Amino acid sequence: MASEVDIANQALGTINARATIVSFDERSSEARAVRLYYNDTRDALLRAAPWNCARREAYLTLFKALPGTPENPTAGSPTWLPSYPPPPWLYSYYLPDDCVKMRYVVPQVQSGGITGTPIFSVPSYVPVPLYNTQAQKFIVGVDFTDAGNEVVAVSTNQSQAIGVYNRRVTNPDIWDASFRQAMIDALASRLAIPVTGDKGMGDRAERLAKGVMGSILAARTADGNEGLTVDDHTPDWLRVRGYANAWTGMSYAGLWDTPSFLIF
């Protein structure tokens, strides 16, 4: 079974560090450097690609609903108020606590059932498809409660929304092989100079970062061959035209984040 300490030690071994660690909490210089970079590196990588080990589907908890919707049938103001979802959206939902990257929002599903006359001893099961298999438009942003507290919310026009997202996976045993190696190499690239004190390790860090980017791009490509027909990649020519930045046209996450520490 792998642990976070095992991942850190493999990263330290990759850069030929003088020592390994037993715990993140120890007072060694290696442990201090690992504590500084580990969590941020993991979360940045989880936001970078549709890793299978991080995918999760969950009902989103309603935060706000525009007056006049089934969830809020009261009469509302003729003009927008801060207590409403941000325009032009009908609903706002709380971003799940374990979400690091929202992939897309889908509508409620209709359950299937046992149908037809059995040919064999086991009756046939005919699943009923989604009401609408297309991802729904959404945007993630900061909103405020009536008490003025900040809330990260997912705004959409979809009622009873289901969120499909990358969750924060802290247990290395759940990571698939590609993400685990990417995490080791990415952490090693960030620790190379702070731990060894050798500025000559910059070339080594760059080579590690390029390897991680290769894993990220492979994961992005593989996602196009699996699951729902949802385009998680925006072509360069559309991105240049500004499509990816037009929030009114967003029907899915669109662009995956590229960690800045992997760019040389």
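The values are calculated or read from the model by the stated rules, or taken from the named source; none is laboratory data. This is a predicted model, so every value here is computed, not measured. Please note: Cβ atoms are built from the backbone with ideal geometry, for glycine as well, and neighbour counts cover all protein chains shown. Only protein heavy atoms, including side chains, enter the accessible area calculation; ligands, DNA and RNA are left aside. Shrake-Rupley method; radii C 1.70, N 1.55, O 1.52, S 1.80 Å.
Structure values in brief
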read-out: For the stretch 27-101: rounded, prolate or oblate by the Cα gyration tensor [a/c cutoff 1.5]; value: prolate
read-out: Total charge dipole magnitude, the stretch 54-101, about the Cα centre, Cβ charges on Lys, Arg, Asp, Glu only, Debye to nearest 20; value: 120
read-out: Accessible area in the full protein assembly, largest first, 1.4 Å probe, for VAL212, VAL109, VAL5, VAL22; value: VAL22, VAL109, VAL5, VAL212
read-out: Calculated FRET efficiency for the pair ARG55/GLU150, C-beta based, R₀ 30 Å, to 0.05; value: 0.65
read-out: Table column - 3J(HN,Hα) (Hz), the stretch 3-20, Karplus curve with 6.51, -1.76, 1.60, x for Gly and Pro; value: 10, 4, 5, 4, 4, 4, 5, 5, 5, 5, x, 4, 9, 6, 5, 5, 8, 9
read-out: Selection of GluC sites (Glu not before Pro), the stretch 142-231, meeting DSSP coil and at most 11 other Cβ within 10 Å; value: GLU226
read-out: Dipole magnitude of the stretch 1-42 about its Cα centre (Cβ charges: Lys, Arg +1; Asp, Glu -1), debye to nearest 20; value: 140
